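Q: I'd like to ask you about the structure that follows.
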Amino acid sequence: MKVQIGEKRPKTLLNKGTGFLSGYTHSLNPYTGCSFGCSYCYVRQMPVSLFREGEWGTWVDVKQEAADLLRKELTRAKAKGEVTIFMSSSTDPYQPVEWKQQVTRSLLAVMAEEPPDFLFVQTRSPLVTRDIDLLLRLGNRVRVSMTVETDREDVRKHFSPAAPPIPARLQALKRLKEAGVPAQATIAPLLPSTEAFPDVLAPLVNRVCVDDYFMGDGSGGRRTRQLGIRQKYEELGLEEWYSSTAYQIVLKRLSRVFRDDQLYVSEQGFAP
């Protein structure tokens, strides 16, 4: 699917942390739109998608002069007190176009020079490993959260065919660990997986977050139901996984190889 790339000149980058992200002082989105276009993405039901021509996943706007704007806003915010940033809440900061545009890298460079108290980087792209040099400069003030919804590539292809392959994400976690960058695996939204999933993650991370539609879409699962996601489970004959209790199955499996203090559920796993 061809993705339309546009430009945007925002007046602000740092937005107040609210709702699910109320534990953060700010959220930060380097792009508007997301070319991964995951079928279950809650942003499909938000104004940024609903009031825009073109289906979600077919367009991305690149925020121009973002580093200069962030530098000014970050200085002002830090003068007022603690600054904790969630990047990103409504797009993946490592869009394929980031290879060329390097907006996210430019923002990390600013934060490496003028560190916030904490930065949470949420992505499903192995491209994050390109910026290991900058992430290391942030030390323990940063955590990379790599989305790994399942260990089954057939399931990943069914729900998010344009997203990076699961093996590539696992390899990225391996590289982050070897480099010493704090990271977690985020099983969110939880998709059907195998019993071996915990053993796959165990050598790569010491922290795992589990979340599902019912806890994590901001509406008790209503937004997800409106997307018709249940049908995608039925197409695979796996509708039993579309349940508010399915996460407990995965959590029990994870508890075989991870300690209780290494496992987080929903909002607690994203908190600063």
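The values are calculated or read from the model by the stated rules, or taken from the named source; none is laboratory data. Quick caveat: nothing in here was measured; it's all calculated off a predicted structure. Neighbour counts run over all protein chains shown; Cβ positions are idealised from the backbone, glycine included.
Q: Give Thr32, Thr25 a once-over and let me know the one that is touching a strand residue (DSSP E or B) at 6+ places or on another chain (Cβ under 9 Å), modelled with pLDDT of 90 or more and more than 24 Å from Gln101 (Cβ to Cβ).
A: Of Thr32, Thr25, the one residue that is touching a strand residue (DSSP E or B) at 6+ places or on another chain (Cβ under 9 Å), modelled with pLDDT of 90 or more and more than 24 Å from Gln101 (Cβ to Cβ) is Thr25.
Q: Let me ask something else about it. Being in a helix (DSSP H, G or I), of a type in the set (Lys, Arg), at negative phi and surrounded by 17 or more Cβ atoms within 10 Å (Cβ to Cβ) is the requirement here; does Arg105 meet it?
A: So Arg105 passes the test.
Q: Also, quick follow-up: Suppose the filter is outside any helix (DSSP H, G or I) and surrounded by 14 or more Cβ atoms within 10 Å (Cβ to Cβ); does Ala271 pass it?
A: Taking the combined requirement at face value, the residue satisfies it.
Q: Kindly indicate whether any position in segment 152-174 is within 22 Å of Gln268 (Cα to Cα) and either surrounded by fewer than 23 Cβ atoms within 10 Å (Cβ to Cβ) or out of contact with any strand residue (DSSP E or B) (no Cβ under 7 Å at 6 or more places or on another chain) (or both).
A: No, because not a single residue in segment 152-174 is within 22 Å of Gln268 (Cα to Cα) and either surrounded by fewer than 23 Cβ atoms within 10 Å (Cβ to Cβ) or out of contact with any strand residue (DSSP E or B) (no Cβ under 7 Å at 6 or more places or on another chain) (or both).
Q: Considering only segment 141-200, state which residues are farther than 17 Å from Val121 by Cβ, among the polar types (S, T, N, Q) and touching a Cys at 6+ places or on another chain (Cβ under 7 Å).
A: Listed by number, the list holds a single entry, Ser160.
Q: Please state which of the following conditions Arg230 fails to meet, knowing it meets all the rest: (1) closer than 15 Å to Val205 by Cβ; (2) free of Cβ contacts under 8 Å to residues at least 24 places away in the same chain.
A: (1)
Q: Let me ask another. Among the residues in segment 191-201, are any surrounded by 22 or more Cβ atoms within 10 Å (Cβ to Cβ), modelled with pLDDT of 95 or more, among the charged types (D, E, K, R) and in a loop (DSSP other than H, G, I, E, B)?
A: No.
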